[in-house]
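The values are calculated or read from the model by the stated rules, or taken from the named source; none is laboratory data. Computed from a prediction, not measured in an experiment: that's the story for all the values here. Every residue, glycine as well, gets a Cβ built from its backbone with ideal geometry; the counts of neighbours run over all protein chains shown.
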């Protein structure tokens with residue numbers, strides 16, 4: 001069965017269309033033949049019944065001698081008494097026995113179809129029998145009408161359907177094959193173009209047909225996907241280049257310090273050289289950790305999620321910091337509950353504080369509040385510093401990876417340009433946002449996260 005099944009969409013659609021039309025044509029043919037046959041048969045019965053009723057009325061009044069020749073629509077008449085004797089008959093039945101030798105049993109009208117061979121016809125006869133009571137007993141009047149017109153119409157219609165049905169199915173198959181082929185032509189063009197696109201040809205796009213239909217929407221969606229792939233490839237190459245550059249610098253310095261330590265024979269200088277080498281090693285370790293975290297975020301790897309009191313998390317993150325250059329003031333509302341990873345949200349707060357500590361002049365201020373309607377509250381965490389601030393044109397660029405507004409100053413303070421990028425990615429992972437917003441002095445970074453309702457039974 002699988003081998004007989006059409007292999008292409010075009011063939012399956014054509015076969016389906018032909019099958020549906022064939023079933024519909026068969027049902028319509030049966031209905032047409034039935035309606036045609038029943039209509040013509042009803043007309044023949046009506047004419048024969050009228051003739052039979054008229055003759056039966058004559059018999060009931062004892063006036064069978066007044067019976068006339070059959071009118072148009074009746075081929076023969078035969079009148080039979082209760083003993084089966086023929087009382088009257090048309091010339092074409094003269095001398096023939098009764099159609100039903102048993103004779104009439106009770107009054108009524110009966111319709112039957114017979115083949116009366118003595119009439120010399122090859123068509124069937126529709127016979128109407130009307131039985132009535134007469135002074136001499138029950139009498140049955142048989143009136144027959146030929147079904148030649150019914151049979152001829154039936155044969156003609158059947159022949160027309162036998163010849164026209166396959167032609168119609170062939171026409172449906174041809175039209176469906178052509179229409180489906182034309183409709184799928186853009187799909188084949190899209191497939192061929194996508195098959196030729198390699199990882200080095202992501203700038204290429206599939207053709208968009210001017211039809212505005214589902215195929216055109218498919219082509220536009222494919223081009224949008226290629227846009228994302230190209231952008232992802234560009235970001236990946238840029239990320240690799242920036243990461244290589246960031247790793248090369250501390251490695252070069254570390255190698256230089258180690259070579260100097262080998263060349264210098266004075267033991268008193270070794271602690272200073274080793275201390276410098278350790279600082280660069282720490283910088284390499286932090287950079288590798290940031291790169292691994294970014295890779296994990298990009299891969300959308302899930303982290304353990306729980307209900308968290310964001311105010312308590314912020315206070316714990318601030319209290320855990322030792323040796324900050326400037327003091328940190330915290331004002332946080334109680335009962336601001338969010339859902340997420342405690343480790344990752346702590347990393348967001350830590351990165352925001354690290355960024356503020358690098359540029360603050362005298363202090364850093366952290367505020368937490370909940371805003372919005374009761375059914376859609378949002379946690380708003382602001383980290384402000386009194387440093388030089390962020391120019392309006394750079395408020396989005398600071399969240400790009402390896403971005404430094406002041407490269408030399410950031411490098412001196414140990415930043416690789418990944419802290420804010422990691423913080424924004426982690427915020428997005430928690431269905432939140434991180435933005436740089438206007439501030440009268442210094443920088444103002446705002447984290448927004450959806451607040452969840454407290455669990456039942458908690459205050």
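In this structure, does residue 350 turn out to be closer than 15 Å to residue 445 by Cβ and in contact (Cβ under 8 Å) with a residue 24 or more places away in the chain? Yes.
Among the residues making up the stretch 254-270, those that are exposed (fewer than 12 other Cβ atoms within 10 Å of the Cβ) and either touching a helix residue (DSSP H, G or I) at 6+ places or on another chain (Cβ under 7 Å) or part of a helix (DSSP H, G or I) (or both) are 259, 262, 263, 267, 268. Any residue at all in the stretch 59-73 that is surrounded by 18 or more Cβ atoms within 10 Å (Cβ to Cβ) and out of contact with any helix residue (DSSP H, G or I) (no Cβ under 8 Å at 6 or more places or on another chain)? Yes: one or more hits. Any residue in the stretch 218-228 that is in contact with a helix residue (DSSP H, G or I) (Cβ under 9 Å, 6 or more places away or on another chain) and touching a residue at least 60 places away in the same chain (Cβ under 8 Å)? No, there is no match, as no residue in the stretch 218-228 is in contact with a helix residue (DSSP H, G or I) (Cβ under 9 Å, 6 or more places away or on another chain) and touching a residue at least 60 places away in the same chain (Cβ under 8 Å). Would you confirm, using the coordinates I've provided, whether residue 22 is surrounded by 11 or more Cβ atoms within 10 Å (Cβ to Cβ), out of contact with any helix residue (DSSP H, G or I) (no Cβ under 9 Å at 6 or more places or on another chain) and assigned by TED's automatic domain parsing to the domain that holds residue 146? Taking the combined requirement at face value, the residue does not satisfy it.
Against the test of being in the same structural domain as residue 253 (by TED's automatic domain parsing) and part of a helix (DSSP H, G or I), the options 316, 290, 354 yield a single qualifying residue, 290.
Residues considered: 159, 189, 152. Of these, the only one that is outside any strand (DSSP E or B) and over 21 Å from residue 38 (Cβ atoms) is 189.
In the set 200, 205, 178, 220, only one residue is part of a helix (DSSP H, G or I) and not assigned by TED's automatic domain parsing to the domain that holds residue 233; that residue is 178.
Screening residue 145 on (1) assigned to a helix (DSSP H, G or I); (2) farther than 30 Å from residue 14 by Cβ; (3) in contact (Cβ under 8 Å) with a residue 12 or more places away in the chain shows it passes everything except condition (1). Of the residues making up the stretch 293-313, just one is surrounded by 15 or more Cβ atoms within 10 Å (Cβ to Cβ), modelled with pLDDT under 75 and not in a helix (DSSP H, G or I), namely 303. Out of everything in the stretch 424-439 that is closer than 16 Å to residue 390 by Cβ and not in a helix (DSSP H, G or I), what residue ends up being nearest to the chain's Cα centre (by Cα)? Going through the qualifying residues, I end up with 434. Are any of the residues in the stretch 46-56 in contact (Cβ under 8 Å) with a residue 40 or more places away in the chain and within 60 Å of the chain's Cα centre (by Cα)? The answer is no; no qualifying residue exists.
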